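Here the structure is laid out as structure tokens; the discussion comes afterwards.
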There are 4 protein chains.
Amino acid sequence: MSTVMGDGPASMTNPIRVLIWNEYIAERKEPQVAAIYPKGIHMALSDALSPYGFRIRTATLEEPEHGLTVDALDQTDVLIWWGEYAHEQIPDEIVRRIHARVLAGMGLIVLHSGHWSRIFRMLMGTTCSLKYRQDAKREILWVVDPAHPITEGIGQYIDIEHEEAYGEFFDIPAPERLVFISSFQGGEVFRSGCEYHRGLGKIFYFRPGHQGNPTYYHKDVLRVIANAVRYVGSPHGAAPTFGFWEPLVKAPKS
Amino acid sequence: MSTVMGDGPASMTNPIRVLIWNEYIAERKEPQVAAIYPKGIHMALSDALSPYGFRIRTATLEEPEHGLTVDALDQTDVLIWWGEYAHEQIPDEIVRRIHARVLAGMGLIVLHSGHWSRIFRMLMGTTCSLKYRQDAKREILWVVDPAHPITEGIGQYIDIEHEEAYGEFFDIPAPERLVFISSFQGGEVFRSGCEYHRGLGKIFYFRPGHQGNPTYYHKDVLRVIANAVRYVGSPHGAAPTFGFWEPLVKAPKS
Amino acid sequence: MSTVMGDGPASMTNPIRVLIWNEYIAERKEPQVAAIYPKGIHMALSDALSPYGFRIRTATLEEPEHGLTVDALDQTDVLIWWGEYAHEQIPDEIVRRIHARVLAGMGLIVLHSGHWSRIFRMLMGTTCSLKYRQDAKREILWVVDPAHPITEGIGQYIDIEHEEAYGEFFDIPAPERLVFISSFQGGEVFRSGCEYHRGLGKIFYFRPGHQGNPTYYHKDVLRVIANAVRYVGSPHGAAPTFGFWEPLVKAPKS
Amino acid sequence: MSTVMGDGPASMTNPIRVLIWNEYIAERKEPQVAAIYPKGIHMALSDALSPYGFRIRTATLEEPEHGLTVDALDQTDVLIWWGEYAHEQIPDEIVRRIHARVLAGMGLIVLHSGHWSRIFRMLMGTTCSLKYRQDAKREILWVVDPAHPITEGIGQYIDIEHEEAYGEFFDIPAPERLVFISSFQGGEVFRSGCEYHRGLGKIFYFRPGHQGNPTYYHKDVLRVIANAVRYVGSPHGAAPTFGFWEPLVKAPKS
């Protein structure tokens, strides 16, 4: 009846290894985007998240294997995804590779137009389509699950002066935890913070972040992303086995 | 302020159009299966469901387009799926066709080893893997959501004398409604009745039904399937539009 | 191996017995409300729902036992609740009586300010508090679960010209099915159509219906309520037993 | 556009303040229980959890205000509850006090027979009844949500040699995250690890722990409780405001 304790608080001492993936297209082709994110959205996020103690790397579309090699993913606890124009350029093999890593426990944060990324659609099993309008007006994201750790450090709502509008119906499975609902000036609403478990992995979709607006300098938006890194990067259980299974209990004839 | 009422109870008067799909392999190759289901599992189900007033058709793997033509699916309100050996023989195009029909509102009931069908895996976004053991011992399915209409007419549990055992972890998204949990003689448990919405469609996975056992003559199993036809065949809302959207509200400068 | 079928479609032939409860105060004290609902909100709802084939009765606060006798509840399949000023006048015994009936399978539809009714708070286990503003401006209710039968017969959204505004955080357990999200002109959002199971009973909260607006003449609002009657009035399973339980399986020493 | 970061990883450096509440009756009256837990279940848990770095206190029924004073609760991040015989001895005022603290963000872990505690029933809104049989046989708890941080450090299942059996139907709201399902030797299953959010608070129900078995010396059981302390003690968002609310957006006439 002696007790061998678990690894205790030790798991908190290893920094979470974050890989920020950005297609990095608009920032190099569209001057108004370059003006906002001169080093790319990935670097803006990397700079903003660094005070939180994560071990951060970045990857972009133009790298070999789009920066998503087996090695890179194996060393990633949380993958952050931003993409808009190049969704279809990610080949099957890499999409399946990320998919397998999520099911094996890697956290995934999908930002804004990443809703249409191949990996998000594959994980959701739906089209992930929605309504949109690029009018750079006000978005208010209301917290509807204040018990969720992802809401730590922000108020009752996040107020963004200029953002693209998205509208329902957002064709996703009902979020297992719905954390934010957005209101837009045209009367639209949107499920903007959606949390899921898939296999051993945790997934968070977070809506804001059109490349034409300085959204990734907004302190509340950054705080949510940092919280989400911790959340989807938090521990998981043991890998299950599948297939033929011997009984644990020797059953009587029934 | 005059009121134009909806179509009232009329929607209940159209019989639900059910298509029962069965790969129909084991019943023709394995004598002990043929002895149980001489006309095939699809016909056993068709016979059993006919008293409920559904309009029932069947389809099998060997038919042109595996019996899953555009026309056939367009005239289907609820598709029931049984398969085990031929999952990979269903081509991409047909899997995508069924997928689109589900998102457009067709109900889907996936039985037993259909958990590994391509359509179920595509809709779930996970591997849908599990543990199994073909020992034909006792399965008890406990009702854990007695408010669910799918449980109408059965007791607190369903008792099946001989069934294949499945075990957790079942790699699916957490059921949006978990209706049954099975107990097996080897100490296994299994989430055996799982309900989901995807797009406009409703999905029900129901575990029992190994081809080597006379499970589809068990009155409670049949009652659940009949209830499930009504449930996933019940009405849905309007098809959403996606893409660019004009504001409903003319917004002020914010 | 003979098959005794269930009761088939018979369950659909009994009309659902609806009891519409209204405190019936504002309609008698406030002329502008009386002008909208001269016979009371309960009678407006009764008139509007009658084409659907339900068997409808009404009850109000001033009746003996507030119209909520054991007999009345025993003959009720679906209870619709509207209240605003008199929540605290419903005594413990009657709240517990309704609570027991819901757990035993009676459907419950809670409208608008009924979020603060004692029965809803007791069933939710939370304060059910929210933000509000009686400014009679536009409410748009977006369908976020178009697979749900409650959305049958309406479009992508419901547009109400004049309604009281509610805002998040709405202190309820996360809806098991979230069907509608409202947008208000002040930038608020609200989870306006929330579905729950409790015991054998099904519950639907539906937000619109301030007494100062003619909301219960709006055809889409009425259609949702009619759909909800069918939904929460749909069948349930067997009553469970609790307490000491003999094993179904004679277990070996383990 | 300067960025003020959140409080970063600082929140992890404050130890979680845990209050372990135990009615502490059986351990003093029943010799066979005293033999297992000579200092009481609360002290066994306190000893086992201390290596995890929590700041732990205990409280029992016989203390003034049952050890649940306003001060004690105000200094508690996570309350662990064990009770069996004395549920009805906790007065309304204290139940409401705990309830308010949970909604304000205090985590709550309810163990075993605590399912019938007044605070758990009040939070759930249901009877929380179940089937039981004190036969001290084998319980196997299967992980059905291995992405959940509560499953860190254990295997695919927890195997307990001697435990009281519980059986479904467990009259609770469907768990928002179902983490464990138990199998018992009599053929019963049970939803044994159930997670909920209520207001700002997180709740975890964990089944094992009959006083007559040495369950709280089982390393996996202890690991789950330690993980649960971290989980329900993890951060939450800002306290919402309720009542009248001025519009954030100055709305146009619509």
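Quick look at the numbers
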| read-out | value |
| --- | --- |
| Inter-label distance for residue D:96 and residue B:63, nm, one decimal - labels placed 7 Å from Cα along Cα-to-Cβ | 6.5 |
| The range D:200-227-the range A:175-228 distance, computed between alpha-carbon centres (Å) | 34 |
| Spatial separation of Cα centroids for the range C:68-134 and the range A:27-62, in angstrom | 52 |
| Value of relative contact order over chain C, rounded to a whole percent, pairs C-alpha under 8 Å and six or more apart | 19 |
| Contact surface B-A: accessible area buried, both sides summed, square angstrom, 1.4 angstrom probe | 3300 |
| Surface per residue (accessible, 1.4 Å probe) for the range C:13-132, Å² | 38 |
| Interface residues in the range D:81-127 - accessible area drops by 40 Å² or more relative to the isolated chain, probe 1.4 Å | D:103, D:125 |
| Degrees separating the helix B:219-232 axis from the principal Cα axis of chain B, which is the longest one | 20 |
| Flagged links, alpha-carbon separation over 18 Å, of A:250/D:131; B:250/D:250; A:250/D:137; A:131/A:219; C:250/D:137 | A:250/D:131; A:131/A:219 |
| Test item: Cα-centred dipole of the range D:71-151, Lys/Arg +1 and Asp/Glu -1 on Cβ, debye | 340 |
| Residue C:162/residue A:136 FRET efficiency (R0 45 Å; Cβ-Cβ; nearest 0.05) | 0.90 |
| Partner lysines for residue B:39 [C-alpha distance under 18 Å; skip if fewer than 8 residues away on the same chain] | B:29 |
| Furthest towards positive pole of dipole, D:236, D:214, D:190, structure part the range D:163-254, Cβ charges | D:236 |
| Gyration tensor verdict on the range C:107-161 (Cα atoms; rounded if a/c is under 1.5, prolate if a/b is larger than b/c, oblate otherwise) | oblate |
| Reach of residue A:202 by Cα under 19 Å, taken over lysines that are not fewer than 8 positions away in the same chain | D:202 |
| Residues in the range B:129-145 that a label on residue C:250 would reach, taking backbone N under 19 Å of a point 7 Å out along Cα→Cβ | B:137-140 |
| Relative contact order (percent, whole number), the range B:137-254, Cα cutoff 8 Å, 6+ residue spacing | 24 |
| Whole-percent carbon and sulfur share, accessible surface of the protein assembly as shown, 1.4 Å | 54 |
| Principal axes of the range A:122-192: Cα extent on each, largest first, Å | 33, 30, 17 |
| Label geometry 7 Å along the beta-carbon vector: residue B:89 inter-copy distances in nm | 4.1, 6.9, 7.1 |
| Isotropically averaged projected area of the range B:16-121, using the convex hull of Cα atoms (one quarter of hull area), nm² | 6.3 |
| DSSP-defined beta bridges in chain A - what % are antiparallel, rounded to 5 | 55 |
| Average accessible area per residue (Å²) across the range A:187-254 - probe 1.4 Å, nucleic acids and ligands excluded | 26 |
| Cα centre as origin, Lys/Arg/Asp/Glu Cβ charges: the range B:106-220 dipole, Debye | 380 |
| Modelled FRET efficiency - R0 30 Å, residue D:39 with residue D:14, Cβ distances, 0.05 increments | 0.60 |
| FRET efficiency, residue A:74 to residue B:219 (Cβ-Cβ, R0 35 Å, nearest 0.05) | 0.10 |
| Long-range tail of P(r) for the protein assembly as shown (Cα pairs > 52 Å, %) | 15 |
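The values are calculated or read from the model by the stated rules, or taken from the named source; none is laboratory data. Treat the numbers as computed from the prediction; the structure is a model and nothing was measured. All Cβ positions, even for glycine, are placed from backbone atoms using ideal geometry, and neighbour counts span all protein chains on display. Surface areas here come from the heavy atoms of the whole protein model, side chains and all, with no ligands, DNA or RNA. Shrake-Rupley method; radii C 1.70, N 1.55, O 1.52, S 1.80 Å.
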